[in-house]
1. Take each of the peptides 15-26, 87-98, average the number of other beta-carbon atoms within 10 Å over its residues, and list them starting from the highest.
2. For the chain, which whole percent of the accessible surface, found with a 1.4 angstrom probe, sits on carbon and sulfur atoms?
3. Using 0.36 nm times the number of residues separating Thr32 and Ile126, minus their current alpha carbon distance, what extension gain do you get?
4. For the chain, what does the accessible surface come to per residue with a 1.4 Å probe? Please give it in Å².
5. In terms of solvent-accessible area of protein heavy atoms at a 1.4 angstrom probe, what is the ranking of Met71, Met47, Met28, highest value first?
6. Restricting attention to region 34-142, which chymotrypsin sites (Phe, Trp or Tyr not before Pro) occupy a DSSP loop and are surrounded by at most 16 other Cβ atoms within 10 Å?
7. May I ask you to derive the relative contact order of region 14-72, considering only C-alpha pairs under 8 Å and at least 6 residues apart, and to give it as an integer percent?
8. Can you compute the charge dipole magnitude of the chain about its Cα centre, using +1 on each Lys and Arg Cβ and -1 on each Asp and Glu Cβ, nothing else charged? Give it in debye, rounded to the nearest 20.
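The values are calculated or read from the model by the stated rules, or taken from the named source; none is laboratory data. Computed from a predicted model, the values in this text were never measured in an experiment. Cβ coordinates were reconstructed from backbone atoms using ideal geometry, including for glycine residues, and neighbour counts include every protein chain displayed. Calculation scope for accessible area: heavy atoms of the full protein, side chains included, ligands and nucleic acids excluded. Shrake-Rupley method; radii C 1.70, N 1.55, O 1.52, S 1.80 Å.
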Amino acid sequence: MSGEAHRHDSSEPTAAPRGELSLRTLAMPADTNQSGDIFGGWLLSQMDIGGGIFAGKTVRLRTVTVAIEAMTFRKPVFVGDVVSVYTDTVRVGRTSITVRVEAWVTRSSESQMILVTDGTFTYVAIDERGAPTPIIPDGLTA
Ligand SMILES: CC(C)(COP(=O)(O)OP(=O)(O)OC[C@H]1O[C@@H](n2cnc3c(N)ncnc32)[C@H](O)[C@@H]1OP(=O)(O)O)[C@@H](O)C(=O)NCCC(=O)NCCS
């Protein structure tokens, strides 16, 4: 399978979640910073976990995060928000997969989901020694 077949513009915000739901969680008081707002690092972590679940499922190999690019924190996240992480393939290379990751929240005061953060995460398939290993095209049919 060609990586080009999966390529699309990953920078533009979307009106509805792009891709599949890979993780859903609740923003808790323990996830706040010193000001009482949800810590950006916590959200980044959830997105990395969601992207990693998607990457592993797609390539059917163990993967590690090699790069996080183009992160945009568009809206704040509040305690009590339900955070949903959506993922979509941007590109598949020889040993890497690049994933568009979006975090959307549902909060009781709003009727619609809100896009809060999006970014581009790249994961590398690794072997048992932790070295990059080729992605098998047949593994991309998840
Ligand atoms: C990921 C890792 C195994 C890659 O090893 P490496 O020797 O640098 O691998 P290579 O140079 O052969 O690159 C492997 C793939 O990663 C891609 N890659 C490497 N650096 C990249 C970067 N900064 N951005 C995007 N892709 C990158 C390469 O393009 C290549 O993709 P391709 O095979 O699809 O063309 C190694 O860097 C590593 O172990 N990093 C730590 C990962 C980790 O612990 N992540 C969790 C952080 S706590």
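1. Numbers: 15-26: 15.1, 87-98: 20.2.
In descending order of packing, they fall as 87-98, 15-26.
2. Working: 3920 of 7390 Å².
Here carbon and sulfur together make up 53 percent of the probe-accessible area.
3. Numbers: separation 94, 0.36 × 94 = 33.84 nm, distance 3.35 nm.
The Thr32-Ile126 span can extend by a further 30.5 nm.
4. On the way: 7390 Å² over 142 residues.
That works out to 52 Å² per residue.
5. Descending order: Met28, Met71, Met47.
6. Values: sites: Phe39, Trp42, Phe54, Phe73, Phe78, Tyr86, Trp104, Phe121, Tyr123; in loops: Phe39, Phe78.
Passing sites in region 34-142 are Phe39, Phe78.
7. Values: 23 pairs, mean separation 14.9, N = 59.
RCO, region 14-72: 25 percent.
8. Numbers: 13 positive and 16 negative charges, 45 e Å.
Approximately 220 debye in magnitude.
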